[in-house]
1. Return the only residue of B:Ser77, B:Ser143 being under 29 Å from B:Val301 (Cβ atoms) and within 13 Å of another protein chain (Cβ to nearest Cβ).
2. Tell me whether the range B:147-167 contains one or more residues that are in a helix (DSSP H, G or I), at pLDDT 95 or above, closer than 30 Å to A:Tyr165 by Cα and among the hydroxyl-bearing types (Ser, Thr, Tyr).
3. Look at B:Lys328 and say whether it is away from ligand 2 (no atom under 16 Å from the Cβ) and either in contact with a helix residue (DSSP H, G or I) (Cβ under 9 Å, 6 or more places away or on another chain) or under 28 Å from B:Asp140 (Cβ atoms) (or both).
4. Could you identify the single residue in B:Asp81, B:Asp91, B:Asp24 that is charged (D, E, K, R), modelled with pLDDT of 95 or more and open to solvent by 30 Å² or more (accessible area, probe 1.4 Å)?
5. From the set of residues in the range B:328-344 that are touching a strand residue (DSSP E or B) at 6+ places or on another chain (Cβ under 8 Å) and within 21 Å of B:Ser372 (Cα to Cα), which is farthest from the other protein chains (Cβ to nearest Cβ)?
6. Looking at (1) within 10 Å of chain B (Cβ to nearest Cβ); (2) more than 24 Å from A:Cys332 (Cβ to Cβ); (3) in contact with a Phe, Trp or Tyr (Cβ under 8 Å, 6 or more places away or on another chain), can you tell me which one A:Thr81 breaks?
7. Just checking, how many residues over the range A:1-16 are part of a helix (DSSP H, G or I) and either open to solvent by less than 50 Å² (accessible area, probe 1.4 Å) or small (Gly, Ala, Ser) (or both)?
8. Which of the residues belonging to the range A:207-237 are more than 20 Å from A:Leu27 (Cα to Cα) and open to solvent by 10 Å² or more (accessible area, probe 1.4 Å)?
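The values are calculated or read from the model by the stated rules, or taken from the named source; none is laboratory data. Remember, predicted model here, so these are calculated numbers, not experimental data. Positions of Cβ are generated from backbone atoms using ideal geometry, with glycine treated the same way; all protein chains shown enter the neighbour counts. These accessible areas exclude ligands, DNA and RNA; they are computed on the full protein's heavy atoms, side chains included. Shrake-Rupley method; radii C 1.70, N 1.55, O 1.52, S 1.80 Å.
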Amino acid sequence: MGVEYKVNRLRATGNIRPLVDKHWGDLRAAKERGEKVAWASGPSFMFPYSMGMKCHFMAGYASYAGGIGAADELLRLAETTGDLPETCSYHRLHMGLVEAIKKGVPIKEQAILPLPDLLIAGRYCTEQSHYSESFYRRMGLRIAPLELPFVFNKEDRPRIREFVYRQIVENVIPNLEDVCEKPFDYDRLSEILSVLKKTATLRNECWKFLATKPATWTLWDYAVSMAPVIYMMGDPAGIPFYEDLLKELKERHEKGIPALAPEGEKYRIYWDGWIPWAFLGKFMRKFTPHGAVCLCGRYPWEMFPHPELIDPEHPLDTVVDWVYGEETGLACHMAPKGSIEMIGELIEEYSIDGLVMFSSKSCRMWNQSHLDQIDALDKKYGIPGVVIEADMIDPEMVQDSQIDTRLQALFETIDGRRRR
Amino acid sequence: MEKALSKIVEVTSDPYAYVAGLKDRTQKKIIGCFPMYVPEEIVHAAGLIPVVIWRGNESVTWGHAHVPAYDCGITRSFVDDAVRGKLSFMDGMVFHVRQCLQVGEFPLIMERNVKPAYQKILYLPPIYKGDSIKSFLLGDLESFKGSLEDFTGKKISDDNLKESIEIYNENRSLLERVYEIRREKPEILRAREVMQIVWSSMLMLKEDHNELLRELINGMEKKSVEPKKDRIKVIPVGCLCQTLQFDILDIIEDLGMIIPDDDLYVGSRYFANKVNPNGDPIEALADRYLVKTPLCPTKGVWDIDWGVEVIKQMKENDAKGIISIRVKYCPPHTCYYPDFKSKMVEEGVPEVMIEMEHEIISLEGVKTRLQSFVETIGGV
Ligand code: SF4
Ligand code: SF4
C-alpha cells in the first residue's frame, strides 16, 4: 500500500491572521482618523509609509481579498462594468472594488477600502499602468507614476537604476510632499528599513528549514507568512512573529518532525509565479497525496531576500538597489533570461526535483517564456517541469483536470528519471 | 494606379517572399522591428533595411511549444514563424519590451531558438511627466544607435539620420495624402487595399514605397468615382500591432458601410506625426515618440481620453459610428475598452466591438454583430 501523506500544520503561522487583519483594518479606518491614504502598485508602498500614510498594495490587497473569500464577488462586480475575463484578475478585482465604493454595493466589509489621496502607480508590470489609468478615468484619482522596467540585459541595469532613482526624486517624493504637506521623511524610511532588516534576517533563518531534507515547512506556510516582509514592512509586530515561527521550526527539526507526515516528502518542487491565494487549500490537496511539497519560488523570494544589503543609513539607495542592484536586483530576475539564473540557484539550494510553472491566463508577467525556461533548466540541471494554467483568485479560470493531469505527468517523469 | 496597387497586393500577399527577395536584390541586411514603436529611421540610417514584423495567416503550430494559446495573435504567429525558420532572412530583431508583457516573451525565445545575428531590447518609457523620462528615452535611442554601429562596424552620422528622417517623413506625407483623397472620395479604394498600402510601407524599402505612392496618388487624384450616398461612414479603431483579417473589412463594406478614415495601427496610426527634420535627430525621434496622440493604450497616457479623440475623428469625417477592433488577448486594448465603451455610451455614439482572433474559425458571428450594428445606425 502507498504511503498516506498528511501535512503537519504549524502553530506559529496561525498568528499571522490577526496581524494581517489589523493592517487592513487600520487602513480601512485611516480616513476616519484623519490620516492620508495611498494605494500603490509595484515595489513602491514604502514611500507613502515613510510619510505616515496608510497604504494599500495592489498584489497584497489581491492576496488578502482572495484569502478572506471576497475575490469572487469583486470579480463578478467588475463584469458588470464591462471588464472582460481575459483582463488581469488583479485589475478586475480592483475595478470591482471601485464599483463597490462608487455605487455603495454591499460586499464583504473587510474588503472595502477608502479611496486614496494619492495613487503611486508603479509600472513594474506594464499592466499596472492600465489599472492606474482606469482608476483615473473612473474616479479621477491623483496619480504619481513610476516606470519600473524589468532588466532584460545586464548591461542596461545601471542606466535603468539611475532612471528609477531620478523618477522617485523627481515625481514620487514631490507628490507625496504635496499631498501630505510636509517634507519627505527619510528618517522614517530608515526606521522602516531597520525593522525590515531584522524581520527579513529572521525570515531567512526560517528559509533554512525549507532546505532541510526532509523539509520542515512548506512554501504555502511561508506564503501565508509573508506580510511582515511586504506590506507590513516597518511594523515591529513582524519580528516576534518570525521569532516564534523560527523557534517552532527549530523544535520541529530537532524532534525530526517533517512538513509532510509520516516521513517527509517524496518530491521537492519549485513553484514559479504568483501564489494561488484563493485556492491554497485546493492546491495543497493536489500535491500532498503524492508526497510533493513546494519549497521555493521566484515571487515569494522577491521580498528583500538579502537583508544583509539593507542599509538604513542609505534608505533610498537600499530601496532602489532591492530592485535594481547589481547581481541581486529583483528586476534582473523578472525578465525570462535572468529568471533562469535565479531559479537555477533555488534548484540547487533547495534540492529541487521538479518545476511547476504556475501560469495565470490573465497575468503574463510571470509566464513569459515559461516553456523555454523549463527547457533551459532541464538541460542544465536535469530537472523536469510542467506549466499549469489557472488563476490566483478567479475560480472560473481554474480547471482541475488539466492541473491534475500535468502534475501527474510531472511526478511520473521524476519517477522515471529516478529509475534510470 | 492599378499598376501601383497590384505591386502593393503582390508585396502583402507574400511578405516572406518579398522581404527575402528584397534582401537578395539589395544585398542589405534585414532587421525585423516588432511593432509598434521601434524608430525605424535609426535602422535605415545604419544602412540596413527595417521591416515591421507581421502576423502571418497560418495557424500556430510549433509556436505553441514556446508561447501559450492565450497570447495575442501576432505574438504567437511571429514566434511560430520564427521557430519554423520562416523568418531566416531576418538578420536582426528589435523588441520594445515595455510596450506590453507579451513582447517580453521574445528575447529569450529568439536567443535560444532562432539566434538572430543582432538582437536589441528597447525600453521606451511611458509618457509620464518629468525630465527623467525624456533623458532615459534619449539614452535608450542612443544605445540602439550604438548597438547598430557595433553590428555594422560603421558610424551613423547625424547626416545619415537626417537623410533617413527625410525619407520617412516623405512616406508619412504621401500616406497622409492617400488618406486625404480617401476622405474626399471614400469609394476610391477598398478598405483592404488601404490596409495593404500601409502594410506595404512597413515591408518595403521606404524609398521604393515613396515612388510607388507617388504613382498611386497621381492615379487617385485623376480618378473620379461615383459617390454612393447611401453608404454609412464608420471609423474602425484599434487592432494594435497587426493587420486585421481582410475579410472583416470586406464584410463591413458589403454590409453598406464605408470607411473614410481609421484609427488602426496598420492604418493612420503608423504614419501619424512627423519627425522634426531640424536639430538633433535622436532628440527629434524621441520627441515624435513622446507625442500623446493618436492615443495609444501602451504609452501610459491618462490625461487624454481615447474615446474623446475617436469621437472627434468620427465627427470630422461625418461618420455615424465606431467599430472597435480588439485583438483577442491584447491587454492594453482590453483594459482600456470598458472605459472607451462607457464614453461612447455617455456621448450617445454607436459603437460595436469585434474581437479579432488569429485563427478565425467562422466569420458568421462577426457578420451578425456588424449586421445588427449597421441596422442600428440606419443602414439596411
Ligand atoms: S498582469 Fe500580473 S503582474 Fe501584472 S498587474 Fe496583473 S497580476 Fe499583477
Ligand atoms: S497586440 Fe497588444 S498584446 Fe499583442 S503585442 Fe501588440 S500591444 Fe502587445
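1. B:Ser143
2. Checked the range B:147-167: at least one residue is in a helix (DSSP H, G or I), at pLDDT 95 or above, closer than 30 Å to A:Tyr165 by Cα and among the hydroxyl-bearing types (Ser, Thr, Tyr).
3. Working: away from ligand 2 (no atom under 16 Å from the Cβ): no; either in contact with a helix residue (DSSP H, G or I) (Cβ under 9 Å, 6 or more places away or on another chain) or under 28 Å from B:Asp140 (Cβ atoms) (or both): yes.
Answer is no for this residue.
4. After applying the criteria, what remains is B:Asp24.
5. Per the stated criteria, the residue is B:Met344.
6. (3) is the only condition that A:Thr81 fails.
7. Pass one, the range A:1-16, residues part of a helix (DSSP H, G or I): A:12-16.
Subsequent filtering for residues that are either open to solvent by less than 50 Å² (accessible area, probe 1.4 Å) or small (Gly, Ala, Ser) (or both) retains A:12-14, A:16.
Total satisfying the criteria: 4.
8. Step one: list which residues in the range A:207-237 are more than 20 Å from A:Leu27 (Cα to Cα), which gives A:207-223.
Of everything in the range A:207-237, those that are more than 20 Å from A:Leu27 (Cα to Cα) and open to solvent by 10 Å² or more (accessible area, probe 1.4 Å) turn out to be A:Trp207, A:Lys208, A:Phe209, A:Ala211, A:Thr212, A:Lys213, A:Pro214, A:Thr218, A:Trp220, A:Asp221.
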